[in-house]
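The values are calculated or read from the model by the stated rules, or taken from the named source; none is laboratory data. This is a predicted model, so every value here is computed, not measured. Using ideal geometry, Cβ is built from the backbone for each residue, glycine included, and neighbour counts are taken over all protein chains shown. We work out accessible area using only protein heavy atoms, side chains counted, and drop any ligands, DNA or RNA first. Shrake-Rupley method; radii C 1.70, N 1.55, O 1.52, S 1.80 Å.
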Amino acid sequence: MIGSKPGSTDSATDTLATGRSAGVPGNPSTLIGIVVSMLLLIVVVLFTAQSPLSFFNFPGLLIVLTGTLAATMISYPMREIRRVVALVGSVFRREPNFIREDIDELVALAREWMHGDARAVERALENTRNPFLRTGISLVIDNVREEEILDLLRWRITRLRARELAEAQIFRTMATYAPAFGMLGTLVGLINMLEVIQNGDLAVIGPRMGVALLSTFYGILLANLLFRPIAVKLERRTEERLIAMNMVLEGVSMISRRRLPSFIEATLNSFISEAHDELGERPLPREPEGSGSSAP
């Protein structure tokens, strides 16, 4: 039998659940967001301060970064942190969408299965790049009960969802830690400022206060411009993968029940149809006043 073993728990297979590459270079929204944020920071620095260096405080930045990293490493095991570091690059790549190709492949496999040609289905599976689809169809060919096939596929969907949402949650946790350590840096700066007040040098209170507040600035900036957007991006990617996997699950279920290929295609197309197309949400043309079938 060609295909993955039904009970396979290979991490790479589940991570790339759709059987495709992790992404292709060039995520427009991410790149545009980075450019806009950089322009915003440049405008803030150049037009709101006498000197651009007044927005740079290395000790405060170090407190925020090292504190956030240390707290994250205490909160999560090292294997999860290493996996999450590798995911940062996926934010800058455009996730490919192969749902249409998967639908065409499922419909073609359904036609072969309706003809009772199991060998043709097996040969087609040799060229299937989607391991999730391959596993489901392999089980259908092996005459496994539909309920058991769906239980296995749902378990794999649930496992992928739990793991990828946990990875995104790490960045949300970092977004929580960063402002807290920013406040810590501010408190350290205020404590140093109290020493200045005690010595009677009141002329440096303003600059010392500005330096102290920069730690909070760094914490808020990193939380809302780096960590939280990465978490949202990963969660959106997970949602798109779950849609693709549930589409494949539905297709495998209908093939197991030997539904007509045309019915399978129409059903699976609903996964990629826009809501307004499905519901016909287009404004109806208004009839001119006086027209109609009213009696004279």
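Write down the Å³ per residue value for the convex hull defined by the alpha carbon atoms of the range 105-207. Walk me through the intermediate numbers first.
Details: hull volume 14.1 nm³, N = 103.
So the per-residue hull volume is 137 Å³.
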Leu260 versus Arg163: modelled label distance in nm, points set 7 Å from Cα along the beta carbon direction: 4.0
Given a Förster distance of 41 Å, report the FRET efficiency between Glu147 and Arg82 from their Cβ-Cβ distance, rounded to the nearest 0.05. 0.65
In nanometres, the difference between 0.36 nm per residue of separation and the alpha-carbon distance of Val44 and Asn269 is 76.2 nm
One quarter of the convex hull surface, Cα atoms only: what value does that give for the range 130-263 in nm²? 10.6
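Accessible area per residue, 1.4 Å probe, Å², for the range 124-235: what's the number?
For the range 124-235, the solvent-accessible area averages 50 Å² per residue.
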